[in-house]
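**Q** Just dropping this structure here.
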Amino acid sequence: MEYFAHETAVVDEGCTIGEDTKIWHFSHLMSNCTLGEKCNIGQNVVVSPDVTLGNNVKVQNNVSIYTGVKCEDDVFLGPSMVFTNIVNPRSAVVRRGQYTETIVRKGASIGANATIVCGHDIGKYAFIGAGAVVTKEIADYALVVGNPAKHIGWMSEYGHRLHFDEDGFAVCPESQEKYALTNNQVRKIEE
């Protein structure tokens, strides 16, 4: 068996689902969505048509991933977080097909109950705090919290807050990987 789908999950025709992916209770994968390998789709999740999830994406319970969203590898979507896909929705105005794209880059984490307003990409390894409302682009490795989300620091690829010295260098306390901060951008130093 390539992937596992709980008996209460609904997988529409035309989905592409990678090996070792798990789809749990009451989730719905709509037509033409693409899930990579080793994804975990929690309970009561909706993946809309044409959504793409990379490898090893973890989607916690009660998340709706709407058309226009693309998640790269190793993304974490926390419980009940929300994506939007129309900038100016109105019930009486049909805007189907006018979706605004949002890309969540490799390794980013989005906390529980956060809201991502469409059209604002999330940088690689960024960390969006629980309940944050993202209304602008988020830089690689950025830590943002609040409503609207404000940049308050930087995170390592292992999810630890980085503390930069006066020369602009920091070390992750878990991995011992080194990072440099230059012109308000963080990069990992490859050795």
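The values are calculated or read from the model by the stated rules, or taken from the named source; none is laboratory data. The model shown is predicted, which means the values in this text are computed figures rather than measured ones. Glycine gets a Cβ as well: all are built from the backbone with ideal geometry, and neighbour counts include every protein chain shown.
**Q** Is there a residue being over 13 Å from the mean Cα position of the chain (by Cα) and closer than 26 Å to P49 by Cβ anywhere in segment 151-167?
**A** Checked segment 151-167: no residue is over 13 Å from the mean Cα position of the chain (by Cα) and closer than 26 Å to P49 by Cβ.
**Q** Something else now. Over 23 Å from P49 (Cβ atoms), outside any loop (DSSP other than H, G, I, E, B) and in contact with a Lys or Arg (Cβ under 7 Å, 6 or more places away or on another chain): is that true of G107 in this structure?
**A** no
**Q** Pairs needed: first member in segment 67-80, closer than 17 Å to L29 by Cα and touching a residue at least 12 places away in the same chain (Cβ under 8 Å); second member anywhere, aromatic (F, W, Y) and part of a loop (DSSP other than H, G, I, E, B); C-beta distance under 6 Å; at least 6 residues apart or different chains.
**A** T67/Y99; G68/Y99
**Q** Now, a different point. What pairs come up if the first residue lies in segment 25-39 and is closer than 16 Å to G14 by Cβ, the second is among the polar types (S, T, N, Q) and part of a loop (DSSP other than H, G, I, E, B), and their beta carbons are under 6 Å apart, counting only those six or more places apart or on different chains?
**A** M30/S48; L35/T21
**Q** Within 16 Å of the chain's Cα centre (by Cα), farther than 16 Å from L77 by Cα and either basic (K, R) or at pLDDT 95 or above (or both) - does that describe any residue in segment 94-103?
**A** Yes: segment 94-103 contains one or more residues that are within 16 Å of the chain's Cα centre (by Cα), farther than 16 Å from L77 by Cα and either basic (K, R) or at pLDDT 95 or above (or both).
**Q** Conditions: (1) more than 25 Å from Q185 (Cβ to Cβ); (2) surrounded by 23 or more Cβ atoms within 10 Å (Cβ to Cβ). P79 meets all but one. Number of the miss?
**A** Against the list (1) more than 25 Å from Q185 (Cβ to Cβ); (2) surrounded by 23 or more Cβ atoms within 10 Å (Cβ to Cβ), P79 comes up short only on (2).
**Q** Quick check: anything in segment 88-107 more than 20 Å from N32 (Cα to Cα), among the β-branched types (V, I, T), surrounded by 16 or more Cβ atoms within 10 Å (Cβ to Cβ) and without any contact (Cβ under 8 Å) to a residue 60 or more places away in the chain?
**A** There is no residue in segment 88-107 that is more than 20 Å from N32 (Cα to Cα), among the β-branched types (V, I, T), surrounded by 16 or more Cβ atoms within 10 Å (Cβ to Cβ) and without any contact (Cβ under 8 Å) to a residue 60 or more places away in the chain.
**Q** Another one. Name the strands (runs of 3 or more DSSP E) wholly inside segment 128-189 in which the number of residues that are of a type in the set (A, V, I, L, M, F, W, C) and free of Cβ contacts under 8 Å to residues at least 40 places away in the same chain is 3 or more.
**A** Working: elements: 142-145, 150-154, 169-171, 178-182, 185-189.
The qualifying strands (runs of 3 or more DSSP E) are 142-145, 169-171.
**Q** Has segment 132-143 got at least one residue that is modelled with pLDDT of 95 or more, of a type in the set (S, T, Y) and within 21 Å of the chain's Cα centre (by Cα)?
**A** yes
**Q** To continue, here is another question. Could you list, in sequence order, the residues of segment 18-34 that are under 12 Å from V51 (Cβ atoms) and not in a loop (DSSP other than H, G, I, E, B)?
**A** H28, L29, T34
**Q** Moving on. For segment 118-129, does any single residue satisfy the condition of being modelled with pLDDT of 95 or more, β-branched (V, I, T) and surrounded by fewer than 17 Cβ atoms within 10 Å (Cβ to Cβ)?
**A** Checked segment 118-129: no residue is modelled with pLDDT of 95 or more, β-branched (V, I, T) and surrounded by fewer than 17 Cβ atoms within 10 Å (Cβ to Cβ).
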